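Here is the structure we will look at.
The values are calculated or read from the model by the stated rules, or taken from the named source; none is laboratory data. These numbers come from a predicted model, not from an experiment. Note that we place each Cβ from the backbone using ideal geometry, even for glycine, and neighbour counts take in every protein chain shown. To get the accessible areas, we keep the full protein, side chains included, count just its heavy atoms, and leave off ligands, DNA and RNA. Shrake-Rupley method; radii C 1.70, N 1.55, O 1.52, S 1.80 Å.
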Amino acid sequence: MQGHELSAAWCTYLFMMELLASIHCYFWSPSRTICLWMSLVLLLQYSKTVVSKSDYLIGLGSYDITGPAADVNMMGYANSEQIASGIHFRLRARSFIVAEPQGKRVVFVNLDACMASQLVTIKVIERLKARYGELYTEQNVAISGIHTHAGPGGYLQYVVYLITSLGFVRQSFDVLVDGIEKSIIQAHENLRPGSIFVNKGELLDASVNRSPSAYLNNPASERRKHKYDVDKEMTLLKFVDDQWGPVGSFNWFATHGTSMSRTNSLISGDNKGAAARFMEDWFEKNGIKSSDTNESGSDGLPRRVSNIIPNIHDDNNKLLELATSFRSSPGSPATQTMSVARRVRGALKQAEKPGFVSAFCQTNCGDVSPNVLGAFCTDTGLPCDFNHSTCGGKNELCYGRGPGYPDEFESTRIIGERQFRKAVDLFEKASEQLKGEVDYRHTYIDFSQLEVTLTKVGGGSEVVKTCPAAMGFAFAAGTTDGPGAFDFKQGDDQGNPFWRLVRDVLKTPDKKQVDCQHPKPILLDTGEMKQPYDWAPSVLPIQILRIGQFVILSVPGEFTTMSGRRLRNAVKTLLTRSGNGEFGSNTHVVIAGLTNTYSQYVATLEEYQVQRYEGASTLYGPHTLSAYIQEFQKLATALIKGQPVEAGMPPPDLLQKQISLLTPVIMDSTPAGKNFGDVSSDVPANSTFKRGSTVTVVFWSSCPRNDLLTEGTFALVEMLQGKDTWTPMYDDDDFCLRFKWSRPSKLSPQSKATIEWIIPSSSSPGVYRIRHFGASKGLMGSIRHFTGSSSAFVVA
């Protein structure tokens, strides 16, 4: 059903309710005066809906995209030893749709994933076209990643991004496609008249520049225009339903998803995923009464569900006596949907009202780190070398430190909380309403051989070209967020004879490519490597989405701070100086990074000369940024003039060529006499835990790849209500609950699940237990779901 049809249906419904109320009053009411007032109120509501001043239909959606929590390499650090083995908290796809009632519409999807994937985008669009026809296409749908480095990999289609994941991982791919589609379906079905407000402000303590020596190579005159060497501004959209009030917010702020380190093995949305979880929980508890500090925990974070359920137990001795009557239950069969039914947040949603959706989106984060304390040598504790980020000449020892150092979970919480608090501030104060058309432009560009016209200093112009993709030596050095290995280092514009020999085994770049990429010394000539299929993308999508005076530039990579500034300024200048009155000084332009596909970094020409990690990862040569600016200016011009743009040659669909070397799950087993879900290590008998302490329980389990328990949970904390009713309080989508999976050896069919609950300061005193859900695989391939629970314990 289309948005305007929903609006019409709602109006008809209200009119019928008004009519029925009038009839009821006339025939049955003892007081016609009261009934007359009832009728007038309903009629007023009906009239208000009909003449709604909202310019848009708005709809938001959210769906679980948590991938395989075992055996799969994580995407981001390219560390082959970083294998998923549990969940920190779940990943989600969050979507909004904005439509003119009789006009165009746009879709924006924010993924708790490292980046968008061309193959994922292709398959999502295919599904949307099959369901909705031409309503949602590659033209008006943007899919963007937050750049967490703690999500399962293997879902991109180009070889270079699949090496550490041992090729394509179908399960990682499928859960993304399914989740994105379902989040968009939710948003579509939630379309209703509403308004959108925009606000922006500075967040000063959540980001630093991790390549300051490269940034300093930009012209001094340009740097003087900016107070900081990273963008400190957060821009937020607030979505307000005409009937329900606020239903969501999306914001854009630049900081890498690298608070969780390259050795972390728990699936996590990192700082942006944490911020989204905090804000959604905050709104569900507080709504518009967010300034009421009595509704927040003493730690400043949102209170959990335990605070909205009255607690009848207040005597610790009675609690202990009650807890001792609940010993650990043996593992038992469970239905496939049981973990979904027991989810905490599933119980919170009102059936008739959409849940609040909050997304913390990525922008020009290329050289921006959340490790705000700076980079230090692990051996000496001294700052790393400024130009090369090395320690005694070695990059492996140079690491950035987050604000919770040495605790990466605490760093993630702090950076997430700082973004959350700024978003709440902007959300509460947002007053500038978006007005104007909804529009979009999209095209495909072959960046491997694009002619770019540059304006010369002093007048005139010259034509240069981009290059086939290639990665420099400094790419292998990594960054201070996650250093590489061997003897690579950032700032290397010469290369190494030994690694050149290794490179030449794969592909020796020809002179034309070497000259085109100069001064980058080529380590991997990925754009010209085609076996067994393409190693890197050549054709990229670029896109502009417009909602009134708000403009989103969808870019398929990581722009550095200054690259992003130049692109935004170029487009905004063109829009505001067009003279057609559509765009004024209040035009807001944001970059949505890592959108629709992934092509690594975009550094400025000056930063490219330095050849730190970001410059070495700028695939298409020194004029990559100029190419983007040129092509986005074409899109913006078409947008201003209301003209179409050429679609361009689409990128290939390489699904049928994918290779996977990840071994499947053969079977699961337990020791003799043990069932799946049995407790292996229980809480101590008669135990009492204080808030802030950690409760740990270990269960006999099975491989999480058997069933991802999408929209469900592997771990659950339940609280006793009355004598025998257990109520869900925290699940594996909570920051305080960690699900860790392990097996004694790589080929062992036996495994265990360790569940750790760090008791929040806002938890209510009472009797609790920990529960585990899973699914085991038999030798013949059958899947059987199970559950088990710990002995009860007291939280005082």
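Shape class of segment 379-463 from the Cα gyration tensor (axes a ≥ b ≥ c, square roots of the eigenvalues): oblate, since a/c reaches 1.5 or more and a/b does not exceed b/c. Only aspartates and glutamates eight or more places from K123 in sequence, or on another chain, were considered; those with a Cα closer than 17 Å are E134, E138, D174, D178, E181, D653.
In terms of its C-alpha gyration tensor, segment 640-729 has an oblate overall shape, because the principal axis ratio a/c (a ≥ b ≥ c, square roots of the eigenvalues) is not below 1.5 and a/b does not outweigh b/c.
Applying the Karplus relation 6.51 cos²θ - 1.76 cosθ + 1.60 with θ = phi - 60° to segment 677-693 yields 3J(HN,Hα) values of x, 5, 7, 8, 9, 9, 5, x, 4, 6, 8, 10, 10, 8, 4, x, 8 Hz, where x marks Gly and Pro.
Can you quote the Å³ per residue value for the convex hull of the Cα atoms in segment 196-235, rounded to an integer? Provide the component values of the computation, followed by the final result.
On the way: hull volume 3.6 nm³, N = 40.
With only Cα atoms used, segment 196-235 gives 91 Å³ per residue.
Sort segment 519-571 into rounded, prolate or oblate with this rule: let a ≥ b ≥ c be the square roots of the eigenvalues of the Cα gyration tensor; rounded if a/c is under 1.5, and if a/c is not under 1.5, prolate when a/b is larger than b/c, oblate otherwise. Judged from the Cα gyration tensor, segment 519-571 comes out oblate (a/c at least 1.5, b/c at or above a/b).
Counting only Cβ charges, +1 for Lys and Arg and -1 for Asp and Glu, the dipole size of the chain around its Cα centre is about 480 debye.
Segment 501-522 and segment 673-729 have Cα centres separated by 55 Å. For the residue pairs K238/K272; K572/K634; K227/K520; K238/K422, alpha carbon separations beyond 24 Å are given by K227/K520. Note on segment 549-685: dipole from Cβ charges, positive end direction compared against I659, A636, G673; the farthest Cα belongs to A636.
Per-residue packing, averaged as other Cβ atoms within 10 Å, sorts the ranges 396-409, 597-610, 70-83 into the order 597-610, 70-83, 396-409, beginning with the highest.
In the context of the full set of protein chains, the chain has a per residue accessible area of 39 Å² (1.4 Å probe).
For segment 664-795, the fraction of C-alpha pairs farther apart than 19 angstrom is 49 percent. Taking the charge dipole of the chain about its Cα centre, with +1 at Lys and Arg Cβ atoms and -1 at Asp and Glu Cβ atoms, the residue from P728, H588, N110 reaching farthest to the positive side is P728.
Listed by chain and number, the aspartates and glutamates whose C-alpha is less than 13 Å from the C-alpha of K435, apart from same-chain residues fewer than 8 away, are D55, E100, E582. Over the chain, Cα pairs under 8 Å with separation of 6+ residues give a relative contact order of 17 percent. The alpha carbons of segment 522-625 give a radius of gyration and a Dmax of 15.9, 52 Å, in that order. Element breakdown for the chain at a 1.4 angstrom probe: carbon and sulfur atoms account for 55% of the accessible area. Inter-part distance, segment 643-666 to segment 577-604, computed on C-alpha centroids, equals 26 Å. Since only S213, M338, L575 are under comparison, the one whose Cα sits farthest along the positive direction of the charge dipole of the chain, derived from C-beta charges on Lys, Arg, Asp and Glu, is M338.
Do any GluC sites (Glu not before Pro) in segment 608-655 lie in a loop, going by DSSP, with at most 13 other beta-carbon atoms within 10 Å of their beta carbon, and if so which?
E646
Remark on the chain: ratio of C-alpha radius of gyration to 2.2 N^0.38 Å is 0.98.
Net charge in the neighbourhood of A485 (other residues with Cβ under 14 Å of its Cβ; Lys, Arg +1, Asp, Glu -1) is 0. Residues whose amide H comes within less than 5 Å of that of C365, counting only those at least five positions distant or on another chain, are F559 (H built at 1.01 Å from N in the peptide plane).
Taking amide H atoms as placed 1.01 Å from N in the peptide plane, the amide H of Q750 lies under 5 Å from those of S669, each 5 or more residues away in sequence or on another chain. Contact order for segment 664-795, expressed relative to its length and based on alpha carbon pairs under 8 Å spaced 6+ residues apart, stands at 36 percent.
Within segment 559-612, which trypsin sites (Lys or Arg not before Pro) sit in a loop by DSSP and count at most 15 neighbouring Cβ atoms inside 10 Å? It would help to have the intermediate numbers written out before the result.
On the way: sites: R565, R566, R568, K572, R577, R612; in loops: R577, R612.
Qualifying residues, ordered by number: R577.
Judged by the mean number of other Cβ atoms found within 10 Å, the most tightly packed of the peptides 514-520, 153-159 leads the ranking 153-159, 514-520. Shown for segment 664-795: lysine pairs separated by 8 or more places, or found on different chains, whose C-alpha atoms are under 16 Å apart, numbering 4. A helix-only calculation puts the chain at -8000 deg cm²/dmol for mean residue ellipticity at 222 nm, using -39500 (n - 2.57) for each DSSP H run of at least four residues, averaged over all residues. The H on the amide N of E437, modeled in the peptide plane, is under 5 Å from the matching H of G548, each at least 5 residues off or on a different chain.
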